[in-house]
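The values are calculated or read from the model by the stated rules, or taken from the named source; none is laboratory data. Quick caveat, the model's predicted, so the values are computed rather than measured. Neighbour counts are summed over all protein chains in view; Cβ atoms, including those assigned to glycine, are modelled from backbone coordinates with ideal geometry.
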Amino acid sequence: MRILSLFLLLTGSCVVHAQSITDFFDYPEYNQFVVLADSAGGIVKPTDLDFHPAPEQQHECWVTLKGQEDHPGMMFDLELASRIRILHQADTDQPVVYGSITGDPHFMLEPMAIAFGDNTYFATTGGSYQQYIYGDEVIGLGQGPVLWPSEEALYGYDFSFNPLGLSAHIDMLHQNTYSMGIAHDRDNAYWVFDGYNGRLIHYDFKTPHPPGEDDHSDGRTLHFPEMSLNRVDDLPSHLAVDQSTGWLYIADSGNGRIIRFDTQFSDTTMQLVNDGPDGLAHDVFNVEWSVVTDQNLELPSGIEVVDEHLLVSDHGTSELILYQILPDGLMEVGRLELPAEGVMGIRFAHQSIYYVDYLGNELVKINNDRPTALQEWQDVSYELFPNPVSDQITLRLNDTQGITQLQIFNALGQMVLQRPVQALELQINSTNWATGVYHAQFYRGTLPLAPIRFVKE
């Protein structure tokens, strides 16, 4: 039998933003949904977002907008073009829509994802089909990842082609099309979800060329054909790297699952598949990967590593799902229903959760302003057992200290039990509860103690 105990020294009372990603799931009643920008502010068909990494620009939120559908002849209407919309002061509830970057139809057609590196460069991927034409010859697929500088002056106002006609990009590699997601690895290297071939690709741009030129010959590309991925049209399949472990997490949208891939591979075999204008490309075999969850997922899309947790958005159910990362997989912690029509990319930044609603044309910020450090309590502790539970739970307090009620919530934040507290020990019958993760919460009036999670078998 496993017993969970909680010990608190509570002094004073205050209200602060979320202290942990778990607060949004443990205290859903304190979540506030703030629409930072909508179609009136230029947020139309948003697919993803990221925050600028430079200390003086960390308040900037960059949002990719899909724009018009794929089109023949590389001709497009500027008013419908794919863009990146930049919001300043996005760490507040009243950001300023500063401006936008518009790419031409080769470099930024239907962007699905954006990822900043640690050097202020960023990369985008496109969810459309293109061929790669070099000279007069079609030599491959042409909608791979693109590397960009983040100095907005290079792009002109809203739209400006470089004199060479190649936009302001600083690198591009063309080993796939339908690139549905991207995550930064290191330096100028990125992981990409190859939706055309259904595989993972590692792109290393190496040394970027000057803005608007086209020398990609030092590029290095690794393909991983042993892993079978499945894209969904117009739906990003994001990726996230856990820098503390080297694990890469992939939202495999079309297969309704989350994959974990070991980026620190060593005992592998490699086969050269291309040596051309994009540099060297190899297939890599004998890598380690696994499905860490395929339960209760419809269309996983956004994904973010937050400390020891993994945050996932499900486009099919309009939910956020939080998992605890374990050595052998994931354990679901909770679910949060969103007032969204089509959630896609997500980020946890500035102690808030951010997401884009593709169908609702919104960038939304979730704040959690739960009370912390309740009033002038002495040492208070309580324990819950057994865990996991089957039919009956016991909760035991060392002192009631004015505690008035107990509430128990399921993983969706729905209250399944509310009971007044009149003794130091409470017995709860859980026979008819659904299996899953729950949390127990004691209150003094409306002020909560920290919760204890438990699992119903």
Practice item. Output yes when any residue across the stretch 362-376 is of a type in the set (S, T, N, Q), closer than 30 Å to A54 by Cβ and either touching a residue at least 12 places away in the same chain (Cβ under 8 Å) or not assigned by TED's automatic domain parsing to the domain that holds A37 (or both), and no when none is. Key: yes
Check your understanding: For I259, all conditions in the list (1) out of contact with any Lys or Arg (no Cβ under 9 Å at 6 or more places or on another chain); (2) surrounded by fewer than 19 Cβ atoms within 10 Å (Cβ to Cβ); (3) modelled with pLDDT of 95 or more hold save one; what is the number of the exception?
Key -> (2)
Exercise for review: Mind listing whichever residues of the stretch 328-345 are in contact (Cβ under 8 Å) with a residue 60 or more places away in the chain and farther than 23 Å from V437 by Cα?
Suggested key: M344, G345
**Study point:** Members of the stretch 214-251 that are in contact with a Ser or Thr (Cβ under 8 Å, 6 or more places away or on another chain) and hydroxyl-bearing (S, T, Y)
**Key:** S237
Practice item. Taking only the stretch 180-222 into account, find how many residues are in a strand (DSSP E or B) and more than 23 Å from the chain's Cα centre (by Cα). Key: 3
Review point. So which of N432, N410, N361, N368 ends up being polar (S, T, N, Q) and surrounded by fewer than 17 Cβ atoms within 10 Å (Cβ to Cβ)?
Key: N432
Practice item. Could you please find all residues in the stretch 213-232 being out of contact with any Gly (no Cβ under 8 Å at 6 or more places or on another chain) and farther than 25 Å from T269 by Cβ? Key: E213, D214, D215
Review point. Among the residues of the stretch 21-43, which ones are among the hydrophobic types (A, V, I, L, M, F, W, C), farther than 16 Å from V343 by Cβ and at pLDDT 90 or above?
Key: I21
Revision key, fill the gap. Across the stretch 407-444, the tally of residues that are over 23 Å from Y323 (Cβ atoms) and touching a residue at least 60 places away in the same chain (Cβ under 8 Å) stands at 2
Practice item. Just name the residue that is surrounded by the most Cβ atoms within 10 Å (Cβ to Cβ) out of those in the stretch 187-227 that are charged (D, E, K, R) and without any contact (Cβ under 8 Å) to a residue 24 or more places away in the chain. Key: D204
Review point. Can you pull out the strands (runs of 3 or more DSSP E) entirely within the stretch 381-457 that have at least 2 residues that are polar (S, T, N, Q) and over 22 Å from E332 (Cβ atoms)?
Key: 392-397, 425-429
